[in-house]
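The structure appears right after this line, and notes come after that.
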Amino acid sequence: MTKAGVRWLLWVPLVAFLLFLGLVAGGLLRPADRTIVSRLVGQPMPAIALPAASASRPGLHAKAGGARLVNVFASWCVPCAAEAPQLAALARAGVPIDAIAIRDTRADVDRFLARYGNPYRAIGSDADSRVQMALGSSGVPETFVVDGRGIIRAQKIGDIRPEDVAGLIAAVQALR
């Protein structure tokens, strides 16, 4: 092998390392979107028959009726507590809200509602997350906009923020 060939081979590990470093840096600067969007948007709500998660509200059944929000929450979820004022504002605006409590106890749900308010008309207990998975929900909180025929029209992943309230009111009113 010639001296030029040997010199070129000495640069290969450095070039390979720089390419690897570039790929790692690119991945860190552009993290992958790990949001899991439900495939049920545009589809009917799955059959739901959940027992009551709270002493103050009935359980949740598929035939809840009317345009509404279905909020997936948990008493142990910090963002769920953060969205409580927005849910209260939605309820005051006349938006019906049903809820699914994930992996929770009745006592914990009742304490959560006593502390942060209860904007829900029905709260179902999903102790093993089966309904949550059937909805295509990947975490808490998540909110689904459901029309009067039981079709999921939209999904809000994450907590409802003050800037989301007007849009959710409009979305539910448009489906009435």
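The values are calculated or read from the model by the stated rules, or taken from the named source; none is laboratory data. Being a predicted model, the structure only gives us computed values, none of them experimental. Cβ coordinates were reconstructed from backbone atoms using ideal geometry, including for glycine residues, and neighbour counts include every protein chain displayed. Please note that ligands, DNA and RNA were not included when accessible areas were found on the heavy atoms of the full protein model with its side chains. Shrake-Rupley method; radii C 1.70, N 1.55, O 1.52, S 1.80 Å.
Looking for whichever is more than 17 Å from the chain's Cα centre (by Cα), in contact (Cβ under 8 Å) with a residue 24 or more places away in the chain and farther than 15 Å from Ala47 by Cα here; the options are Ala89, Ala166, Ala101, Ala107. Which one fits?
Ala89
Considering only residues that are at negative phi and among the basic types (Lys, Arg), which ones fall in the range 100-119?
Scanning the range 100-119 gives Arg106, Arg111, Arg115.
Just need a number here: residues in the range 47-66 that are part of a loop (DSSP other than H, G, I, E, B), surrounded by fewer than 19 Cβ atoms within 10 Å (Cβ to Cβ), modelled with pLDDT of 90 or more and of a type outside the set (S, T, N, Q).
Number satisfying all stated conditions: 4.
Does the range 124-138 hold any residues that are touching a residue at least 12 places away in the same chain (Cβ under 8 Å) and not polar (S, T, N, Q), and which are they?
Passing the criteria: Gly124, Asp126, Ala127, Asp128, Val131, Ala134, Leu135, Gly136.
I want to confirm something. Restricting to the range 124-141 and keeping residues that are in contact with a Gly (Cβ under 9 Å, 6 or more places away or on another chain) and at pLDDT 95 or above, which single residue is nearest to Asp104 (Cα to Cα)?
The qualifying residue nearest to Asp104 (Cα to Cα) is Ser125.
Give the number of residues within the range 92-106 that are open to solvent by 50 Å² or more (accessible area, probe 1.4 Å) and under 16 Å from Leu60 (Cβ atoms).
Number satisfying all stated conditions: 2.
State whether the residues of the range 112-123 include one that is among the small types (Gly, Ala, Ser), in contact (Cβ under 8 Å) with a residue 12 or more places away in the chain, part of a strand (DSSP E or B) and touching a helix residue (DSSP H, G or I) at 6+ places or on another chain (Cβ under 9 Å).
no
Restricting the search to the range 124-154, which residues are buried (at least 19 other Cβ atoms within 10 Å of the Cβ) and not in a loop (DSSP other than H, G, I, E, B)?
The answer is Gly124, Ser125, Asp126, Val131, Gln132, Leu135, Glu142, Thr143, Phe144, Val145, Val146, Ile152.
Taking the condition of a type outside the set (S, T, N, Q) and open to solvent by 20 Å² or more (accessible area, probe 1.4 Å), does Val109 pass?
No.
Among the residues of the range 100-111, write down those that are assigned to a helix (DSSP H, G or I) and under 15 Å from Asp126 (Cβ atoms).
Those that are assigned to a helix (DSSP H, G or I) and under 15 Å from Asp126 (Cβ atoms): Arg106, Asp108, Val109.
Can you pull out the residues in the range 75-91 that are surrounded by fewer than 20 Cβ atoms within 10 Å (Cβ to Cβ) and either touching a helix residue (DSSP H, G or I) at 6+ places or on another chain (Cβ under 8 Å) or over 13 Å from Val140 (Cβ atoms) (or both)?
Hits for the range 75-91 are Trp76, Ala81, Pro85, Gln86, Ala88, Ala89, Ala91.
Could you grab me the full set of residues in the range 155-176 that are under 15 Å from Asp98 (Cα atoms), of a type outside the set (Lys, Arg) and either in contact with a strand residue (DSSP E or B) (Cβ under 8 Å, 6 or more places away or on another chain) or not in a helix (DSSP H, G or I) (or both)?
Gln155, Ile160, Leu168, Val172
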